[in-house]
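Taking it in order: structure first as structure tokens, then the write-up.
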Amino acid sequence: MGLFLAVRCRGLGMDVVAACDHDAERRSAAAHELPDAELTARWQDLLEQRLDGVILANDFDAHAPLALAFLERGVHVLSESAACVSEAEGRRLITAAESSTASYSFAENYVLHPHVRTIRAAIEAGELGRVSLIEADYLHGMSPAALTRLAGDPAHWRGRIASTAYCTHTLSPVLALTDSWPVEVTAFPVDEADPRSAVVLAVRLSSGALALTRHGFLQGEPDSHWSWVSVRGNRALAESVRARGERAWSVRLRAEGWTRPDDQAYEEERTPEPLVLGEQTVAREAEGTMLLLRGFRGTVERAEPPLVPVRPAVAASLVGVFGAESLANGSCPVRLPDVSGGTRAASAAGGP
């Protein structure tokens, strides 16, 4: 993912001057794609570079220590995975980000996917009314053999993280769409015979709404980059279409007859406009990533606010941390720490 992001940063006009990977083969691949970049096996070497910003794409559960080090040096951080692995680490990250001359951005591209932006527009237009129930999936329909290859090694981050940990691709869109904070989480294994494969999180939000998120490895992988979102308000429903191919990025809106002057139920399917950057039409699954990188450039160069700043990043990550506690205690509800700082949740779902 690091090389993927580096190549796209360069395509957006950013100078990629250095890159790090402990794997020699990956460094060799990077040398081919980034011929002008200085390559190293030690991330600490990057601290000696005169950098404006850094993108962290290291192991899922090891981002905070690097983010803290770069923020201390006044280097803007874009963190590609979970913000923290504990409440204490999350609070240290918040303190560091808010006291640094640089900024912290969470690379949560799912809040900028086409279907999420379309649903956000319907919410902001008041079409749904007050949001009461929001659901989000992040699912992979992998075979048992493929899953064993991916997550069966305890030395790999996939094998060592809790089954609830990788929840930010569902929780971050939930928080962005509702402008709320997570208050309480209850976690359930989908299949008690295979409890690590998939989980469902029931999350009470500060707005009073309930979020149900499903993530992990279940059959029925959504074509919209493994993501499906549904939002029910007290006046209408908006949800991404369960379909193959291009239609998976569209949104179905349904309003009952009692909400309309003609007393007739209304339903339509909305297709997001293609994203064009420069003269290139961006692939649907890459739209969120490209908007995110463009936003990070604006944060570094023009001090624009991060699209997903540190507090919502920590809040979404801690749902997975405390979800693991709920799971370990027989799916008991667990109160979540308040990391809002008295602010509303930052929302990037509408796009920059």
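The values are calculated or read from the model by the stated rules, or taken from the named source; none is laboratory data. Just so it is clear, the model here is predicted, and its values are computed rather than measured. Don't worry about glycine lacking a Cβ; one is built from the backbone with ideal geometry, like all the others, and counts go over all protein chains shown.
Values as computed for the structure displayed
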item	result
Matching entry among 300, 241 (being closer than 30 Å to residue 10 by Cβ and in contact with a strand residue (DSSP E or B) (Cβ under 7 Å, 6 or more places away or on another chain))	300
Single unsatisfied condition, residue 95 versus (1) polar (S, T, N, Q); (2) touching a helix residue (DSSP H, G or I) at 6+ places or on another chain (Cβ under 9 Å); (3) surrounded by fewer than 24 Cβ atoms within 10 Å (Cβ to Cβ); (4) farther than 30 Å from residue 253 by Cβ	(2)
Residue within segment 148-164 that is touching a helix residue (DSSP H, G or I) at 6+ places or on another chain (Cβ under 8 Å), buried (at least 21 other Cβ atoms within 10 Å of the Cβ) and assigned by TED's automatic domain parsing to the domain that holds residue 227 present	yes
Condition met for residue 101 (part of a loop (DSSP other than H, G, I, E, B) and among the polar types (S, T, N, Q))	yes
Some residue of segment 69-89 being assigned to a loop (DSSP other than H, G, I, E, B), touching a His at 6+ places or on another chain (Cβ under 6 Å), at pLDDT below 95 and buried (at least 20 other Cβ atoms within 10 Å of the Cβ)	yes
Flag for residue 105 being in contact with a strand residue (DSSP E or B) (Cβ under 8 Å, 6 or more places away or on another chain), modelled with pLDDT of 95 or more and polar (S, T, N, Q)	yes
Segment 201-213 - residue that is crowded, with 18+ Cβ neighbours inside 10 Å and out of contact with any Ser or Thr (no Cβ under 6 Å at 6 or more places or on another chain) and, of those, farthest from residue 145 (Cα to Cα)	204
Near pairs, Cβ below 9 angstrom, 6+ apart or cross-chain, from segment 69-89 (within 15 Å of residue 311 (Cα to Cα)) to any residue that is small (Gly, Ala, Ser) and part of a strand (DSSP E or B)	77/53; 77/105; 78/53; 78/105; 79/105
Residue among 140, 115 that alone is surrounded by 14 or more Cβ atoms within 10 Å (Cβ to Cβ), of a type outside the set (Ser, Thr, Tyr), in contact with a Ser or Thr (Cβ under 7 Å, 6 or more places away or on another chain) and modelled with pLDDT of 95 or more	115
Where a residue in segment 325-341 is crowded, with 19+ Cβ neighbours inside 10 Å and its partner, wherever it lies, is modelled with pLDDT of 95 or more and in a loop (DSSP other than H, G, I, E, B), with Cβ under 7 Å and at least six apart	326/332; 326/333; 327/164
The listed residue being free of Cβ contacts under 8 Å to residues at least 40 places away in the same chain, in the same structural domain as residue 198 (by TED's automatic domain parsing), in contact with a Ser or Thr (Cβ under 8 Å, 6 or more places away or on another chain) and not aliphatic (A, V, I, L, M), out of 232, 244, 260, 252	252
Single condition residue 52 does not satisfy, out of (1) of a type in the set (D, E, K, R); (2) closer than 26 Å to residue 161 by Cβ; (3) touching a residue at least 60 places away in the same chain (Cβ under 8 Å)	(2)
